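**Q** First the structure, which I've put down as structure tokens, then a few questions once you've had a look.
Throughout, read-outs are computed from the coordinates displayed, never taken from laboratory work. These numbers come from a predicted model, not from an experiment. Neighbour counts are summed over all protein chains in view; Cβ atoms, including those assigned to glycine, are modelled from backbone coordinates with ideal geometry.
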Amino acid sequence: MSEQCIFCKIVEGKIPAKIVYHDEDCVVFHDINPAAPVHLLMVPRKHVVSMQEILPEDALWLGRMLSKVPEIAIQNGCNPGPAGGFRLTANAGIEGGQEVPHLHFHILGGKRPWKGQK
Ligand code: 5GP
Ligand code: ZN
């Protein structure tokens with residue numbers, strides 16, 4: 001827990017979010033400014049700034065957390081199979097485009113008609 005961190009506050013339930021999944025490792029909620037029909041943020045409960053700070057001892061919870069992505073994506077509107085799918089991204093640092101300094105994975109999916117998807 002980092003006092004001023006907005007994602008720690010969401011993890012702790014101190015500020016609201018549309019939470020779709022939580023377990024001992026992470027909380028998953030809707031991005032406040034969605035960039036795709038489905039746009040979720042997967043946030044570890046542990047305050048790690050970004051993938052730049054990940055250590056070998058984080059492998060267990062990180063792997064466990066990422067293994068949940070496919071099911072959470074499908075349950076929240078991403079389409080299954082090769083014609084569907086999702087994008088999983090983690091921005092790290094200023095040059096990586098990161099704005100919130102608490103590690104998070106964007107889960108983006110859903111049909112995008114503006115990309116020619118019917
Ligand atoms: P970044 O640029 O750090 O990879 O992504 C931060 C993401 O967090 C952005 O997509 C932004 O819309 C989202 N975000 C920022 N503040 C909040 C918030 O208070 N609540 C929610 N649900 N999403 C937020
Ligand atoms: Zn935090």
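**Q** Any idea which of Gln4, Asn76, Phe105 is furthest toward the positive side of the dipole for the chain, if Lys and Arg beta-carbons carry +1 and Asp and Glu beta-carbons -1?
**A** Working it through, the farthest residue towards the positive pole turns out to be Asn76.
**Q** Calculate one ³J(HN,Hα) per residue across the range 6-16 by plugging θ = phi - 60° into the Karplus curve 6.51 cos²θ - 1.76 cosθ + 1.60, and present them in order as whole Hz with x for glycine and proline.
**A** With coefficients 6.51, -1.76 and 1.60, one gets 5, 6, 4, 5, 5, 4, 7, x, 7, 10, x Hz.
**Q** Evaluate the charge dipole of the range 1-74 about its Cα centre and quote only its size in Debye, nearest 20, assuming +1 on the Cβ of each Lys and Arg and -1 on the Cβ of each Asp and Glu.
**A** Details: 7 positive and 10 negative charges, 46 e Å.
Roughly 220 debye for the range 1-74.
**Q** Continuing with this model, one more query. Once all Cα-Cα distances of the chain are split into 10 Å bins that start at 0, what whole-number percent is in each one?
**A** Reading the bins upward from 0: 13, 45, 33, 9, 0.
**Q** Near the amide H of Cys26, under 5 Å away, which other amide H atoms are found, from residues 5 or more places off or on another chain, if H is placed in the peptide plane?
**A** Under 5 Å from the amide H of Cys26: Arg45.
**Q** Spit out the partnerless Cys residues in the chain, using Cβ distances under 4.7 Å as the pairing rule.
**A** If one checks each Cβ against the other cysteines of the chain, Cys26, Cys78 turn up with nothing under 4.7 Å.
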